[in-house]
Structures are given as structure tokens and as C-alpha cells.
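Quick notes on the structure that follows.
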């Protein structure tokens with residue numbers, strides 16, 4: 001779009017260290033997709049899909065079987081999902097609760113790092129400074145690729 005420093009629509013081909021490939025599509029101009037963050041992963045056993053607009057459900061599609069819908073805070077979800085669920089099943093959980101969970105994970109790590117604090121739960125996960133730097137490097141590589149007409153750009157290791 002004229003006058004913009006970055007693209008409003010990006011399609012990025014990905015190649016991971018283990019040989020897996022991926023595709024990232026990010027758009028601010030896709031009609032009908034307000035904040036429709038959607039993650040889809042396909043592998044040798046099937047595929048999974050999660051949508052921000054339906055945050056309580058994960059769709060699991062194993063090869064040769066019907067798609068299954070796994071609801072948050074039910075027996076179908078695993079212990080890691082249950083640990084970070086804040087409200088009972090049947091109530092929508094999502095955007096704001098995601099930030100609350102992130103802050104709680106970080107607070108747990110800070111308390112554990114203090115002398116005499118409680119030991120950190122090994123299951124606690126949150127992004128680090130290194131993760132942020134990797135994210136910035138990814139965005140910079142995507143911008144360089146766009147400036148070069150979509151040519152492949154490798155990330156620093």
C-alpha cells in the first residue's frame with residue numbers, strides 16, 4: 001500500500017533446522033478476518049488447528065479418522081493445558097487470560113530466582129529476551145526478503 005513502510009499482507013516460506021517446512025501468512029487486509037489468529041500444524045500422523053476466535057477448542061484430524069474437537073478444561077485436554085486454564089469449561093477463555101497466564105509464569109520464575117524463594121515449576125514457560133531477539137531477527141529477514149523481490153533470506157544462527 002502506498003506510503004506504508006511494511007507490507008500489509010505477508011506470506012513467508014519457512015524451513016526449520018530439522019528439515020520441516022512451513023508457511024506463515026500475516027495480513028491486515030484479508031476481509032472477514034478481524035483478529036483471526038489461526039495456527040495449523042500438519043505432520044505424519046495428522047493435523048491440528050487452533051483459532052483465536054474459538055479459543056476453547058483445538059481440532060485434531062488424525063489421518064483416516066474423523067476430526068475430533070478437544071475442548072479446553074475437559075478430560076480430552078492434557079495436564080499442561082489444565083495447569084494454565086483459569087476458568088471452568090464452558091466459559092470462553094482467551095486473549096486477556098493468556099496475558100494473565102504469561103505474567104503468572106514469569107512471576108513464578110522471579111520468585112524462584114530469589115534467594116530462598118519457592119522452586120520454579122519445570123513446566124513454567126514464557127518467552128525470554130533471546131526469544132524476543134529471535135523474533136526481531138525473523139521480522140528483519142522477512143523485510144529484507146520483500147525488498148529483494150521475495151528472494152530467500154536465511155536467519156542468523
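The values are calculated or read from the model by the stated rules, or taken from the named source; none is laboratory data. Source: prediction; values computed, not measured. When we count neighbours, we look across all protein chains shown, and the Cβ atoms used for this are built from the backbone with ideal geometry, even at glycine.
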Just one of 157, 144, 59 is without any contact (Cβ under 8 Å) to a residue 40 or more places away in the chain and either touching a helix residue (DSSP H, G or I) at 6+ places or on another chain (Cβ under 7 Å) or closer than 28 Å to residue 45 by Cβ (or both); which is it? 59
Subset of segment 8-48, residues free of Cβ contacts under 8 Å to residues at least 12 places away in the same chain and on the phi > 0 side of the Ramachandran plot, comes to 19, 32
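To keep it simple, each residue is scored yes or no on (1) at pLDDT 75 or above; (2) surrounded by 13 or more Cβ atoms within 10 Å (Cβ to Cβ).
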| site | (1), (2) |
| --- | --- |
| 67 | yes, no |
| 71 | yes, yes |
| 75 | no, no |
| 90 | no, no |
| 95 | no, no |
| 103 | yes, no |
| 126 | yes, yes |
| 151 | yes, no |
| 155 | yes, no |
If only one of 12, 84 is in contact with a helix residue (DSSP H, G or I) (Cβ under 8 Å, 6 or more places away or on another chain), at pLDDT 85 or above and surrounded by 13 or more Cβ atoms within 10 Å (Cβ to Cβ), which one is it? 12
Flag if residue 56 is in a strand (DSSP E or B), within 17 Å of the chain's Cα centre (by Cα) and either modelled with pLDDT under 90 or surrounded by fewer than 13 Cβ atoms within 10 Å (Cβ to Cβ) (or both): yes
Among the residues of segment 27-41, write down those that are surrounded by 12 or more Cβ atoms within 10 Å (Cβ to Cβ), under 15 Å from the mean Cα position of the chain (by Cα) and not in a loop (DSSP other than H, G, I, E, B). 38, 40
Here are some conditions: (1) free of Cβ contacts under 8 Å to residues at least 12 places away in the same chain; (2) within 29 Å of residue 122 (Cα to Cα); (3) within 19 Å of the chain's Cα centre (by Cα). Residue 76 meets all but one. Which one does it not meet? (3)
